[in-house]
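First comes the structure, then the notes that go with it.
The values are calculated or read from the model by the stated rules, or taken from the named source; none is laboratory data. Just so you know, these numbers come straight off a predicted model, no measurement behind them. Neighbour counts run over all protein chains shown; Cβ positions are idealised from the backbone, glycine included. In case anyone asks, the SASA skips ligands and DNA or RNA and just uses the protein heavy atoms, side chains included. Shrake-Rupley method; radii C 1.70, N 1.55, O 1.52, S 1.80 Å.
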Amino acid sequence: MRKHKIIRLFVILTVLILQIIYLAATVKENYETDNFAALLSIFLIILIIFFGYHYLDLHHHEYSYEKISVLIWVPIGAVFCYLISIHVGLGSVLAAGVTGTLASFVPIIDTNSEYLKKLPNAIYCGAFVGMSSVEIMPTMGFVIIAGTIAGVFYRLSKNVFIGIGGKLGTIAFAGVAIVSLFNWMFL
């Protein structure tokens, strides 16, 4: 039971820290000359996020994780979307739409399969990773690593952020942000 609480706390804190850093950087960029306005905006954003996390019921009280056989479809969806976006030239929005639409037909292969019913969400989460631009994800290796990290978050966050819109995009953002951060720090 303690292990599950630590994993849940890790997922929530990682997403929280990424949100705060991203929003703070955005605010700071927009208020380069006025530090007081930037600091006030950052403080208000942190306060709103804190109250949102503290007072909303963001997860079930049971602990379960998505199967590994499902999470491998996140990087597959990322690679598929990235290939369509970059190499076919459709652009990221259309590529994500094509990926999500094709993923929605996967359960039709066997309507009795519970496994196939779980794949469209995983593939679509990967599509959000694959929407990244070439400046952020310059090679297929970056896409695969970001998709894999997003897949791990997808697995761990099965019962976290229930009913909150944007969960798949937030998971994808976490994967891409972590890979970009490591790329910036070490390469």
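Within segment 71-93, is even one residue among the hydroxyl-bearing types (Ser, Thr, Tyr) and open to solvent by 60 Å² or more (accessible area, probe 1.4 Å)?
no
Name the single residue, out of those in segment 19-67 being open to solvent by 100 Å² or more (accessible area, probe 1.4 Å), within 16 Å of Leu9 (Cβ to Cβ) and assigned to a helix (DSSP H, G or I), that is modelled with the highest pLDDT.
Phe50
Which one of Ile162, Ile136 is at pLDDT below 95, in contact with a strand residue (DSSP E or B) (Cβ under 7 Å, 6 or more places away or on another chain) and not acidic (Asp, Glu)?
Ile162
Right, Phe105: over 20 Å from Ile86 (Cβ atoms) and open to solvent by less than 20 Å² (accessible area, probe 1.4 Å) or not?
In short, no.
Out of the residues in segment 124-157 meeting the condition of being free of Cβ contacts under 8 Å to residues at least 40 places away in the same chain and crowded, with 19+ Cβ neighbours inside 10 Å, tell me which one is farthest from the chain's Cα centre (by Cα).
Ile145
Residue pairs, Cβ under 8 Å, 6 or more apart or interchain, first in segment 162-187 and of a type in the set (Phe, Trp, Tyr), second at pLDDT below 90. List them.
Phe173/Leu18; Phe173/Tyr22
For segment 108-123, how many residues meet the condition of being surrounded by fewer than 17 Cβ atoms within 10 Å (Cβ to Cβ) and basic (Lys, Arg)?
The total comes to 1.
Kindly list, by first and then second residue, each pair from a residue in segment 88-103 that is closer than 11 Å to Ala127 by Cα and free of Cβ contacts under 8 Å to residues at least 12 places away in the same chain to a residue that is polar (S, T, N, Q) and surrounded by 13 or more Cβ atoms within 10 Å (Cβ to Cβ), limited to pairs with Cβ atoms under 9 Å and residues at least 6 apart or on different chains.
Leu94/Ser85
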